[in-house]
Amino acid sequence: MSACPPLIAIPLGSPTDGATSLYALGAAYVAAIYAAGGVPVLLPPDDDPTALVARLDAFDGLLLAGGGDVLPEFYGQSATALVQGVDRARDLTEIALVQAALERGMPLLSICRGAQLLCIAAGGTLHQDIQTNLPCALDHRHQPGRPRDHLSHTVALEHSGQLAWALGLGVGDEVHVNSRHHQAVDTPPPDFCAAARAPDGVIEALELASSNSAFALGVQWHPEDLASRHDCMASLFRALVRRAAQP
Ligand code: MN
């Protein structure tokens with residue numbers, strides 16, 4: 001690792017409405033990047049996504065956090081009534097940043113909504129609602145009363161690539177994960193593959209398929225809520241920081 005810890009940009013959503021507009025980001029993302037040896041830098045949206053992309057030069061890696069659903073128009077579909085928590089400015093900002101990061105080969109870890117946004121930004125599609133599109137699937141949603149680190153289901157690795165490298169596991173190995181999503185990847189983008197699936201077949205991780213490509217990984221679960229107690233989940237953030245530290 002270089003003498004200067006790598007700077008990891010974390011885009012923020014739009015300010016919350018209220019007497020005082022505030023930006024918000026779960027503290028667990030920040031803690032996970034610090035614990036991995038990086039410096040998290042919170043990046044608010046800009047009305048001009050081009051200007052924001054130009055600022056990407058100042059950073060070594062990109063972390064996309066969770067949040068509301070991405071507008072289905074960005075993957076060529078009309079929104080059903082089940083789409084929730086949309087933030088068009090955040091969608092536009094993050095799609096521009098992810099496309100620029102992929103073009104530059106900037107290391108990228110994306111979480112939950114972030115994994116879905118990575119899928120869309122690279123040309124894939126989502127299931128707008130798992131229960132509707134896949135009625136036999138597990139219930140992947142947050143269950144009231146359960147802690148954020150509740151381990152809901154397993155995921156099995158199905159590709160010997162970046163996720164397997166980061167976790168130190170092989171194809172067929174399983175890890176327990178938390179689950180707080182109602183959408184999932186339907187069609188992975190060109191050049192990407194499903195890296196892990198839940199027992200019901202739902203895609204739980206997405207990565208660039210070529211072994212010599214840049215680090216670009218999306219996970220559907222929330223490793224930031226598991227990292228302090230489950231070292232294999234902390235290893236996802238260490239993988240991002242390690243790749244971001246490479247010249
Ligand atoms: Mn899940």
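If the segment from Leu42 to Ala137 were pulled out straight at 0.36 nm per residue, it would be longer than the present Cα-Cα gap by 30.7 nm. Relative intensity of the chain on a log10 scale, I(q)/I(0) at q = 0.07 Å⁻¹, equals -0.20, per a Debye sum over C-alpha point scatterers of equal strength in the absence of solvent. Less than 5 angstrom separates the built amide H of Ala209 from those of Phe192, Cys193, all sequence-distant by 5 or more or on a different chain.
Is there a quick way to get the dipole size of region 1-122? I mean about its Cα centre, with the Cβ of Lys and Arg at +1 and of Asp and Glu at -1; what is the value in debye to the nearest 20? Intermediate results must be reported in sequence, preceding the final value.
Numbers: 5 positive and 12 negative charges, 59 e Å.
In debye, rounded to 20, region 1-122 gives about 280.
Rounding to the nearest 20 debye, state how big the charge dipole of region 66-177 is about its Cα centre with +1 on each Lys and Arg Cβ and -1 on each Asp and Glu Cβ.
Details: 7 positive and 12 negative charges, 45 e Å.
Charge dipole, region 66-177, about its Cα centre: 220 debye, nearest 20.
For the pair region 192-231 / region 81-97, the C-alpha centres are spaced 21 Å from each other.
What is the dipole size for the chain, taken about its Cα centre, with +1 at each Lys and Arg Cβ and -1 at each Asp and Glu Cβ, in debye to the nearest 20? Walk me through the numbers before you get to the answer.
Values: 14 positive and 26 negative charges, 101 e Å.
So the dipole magnitude of the chain works out to roughly 480 debye.
Since only Leu109, Leu71, Ala54 are under comparison, the one whose Cα sits farthest along the positive direction of the charge dipole of region 46-110, derived from C-beta charges on Lys, Arg, Asp and Glu, is Leu109.
Provide the FRET efficiency to the nearest 0.05 for the Leu56-Asp17 pair, computing r from the beta carbons and using R0 = 35 Å. Don't skip to the answer; put the middle values down first.
Numbers: r = 28 Å, r/R0 = 0.81.
Efficiency computed from Cβ-Cβ geometry: 0.80.
Within the listed set Leu208, Leu97, Leu138, the Gaussian network model of the chain (springs between alpha-carbon atoms below 10 Å) gives the highest mean-square fluctuation for Leu138.
Where a number appears in this text, it was derived from the coordinates with a stated rule and is not lab data. The model shown is predicted, which means the values in this text are computed figures rather than measured ones. Every residue, glycine as well, gets a Cβ built from its backbone with ideal geometry; the counts of neighbours run over all protein chains shown.
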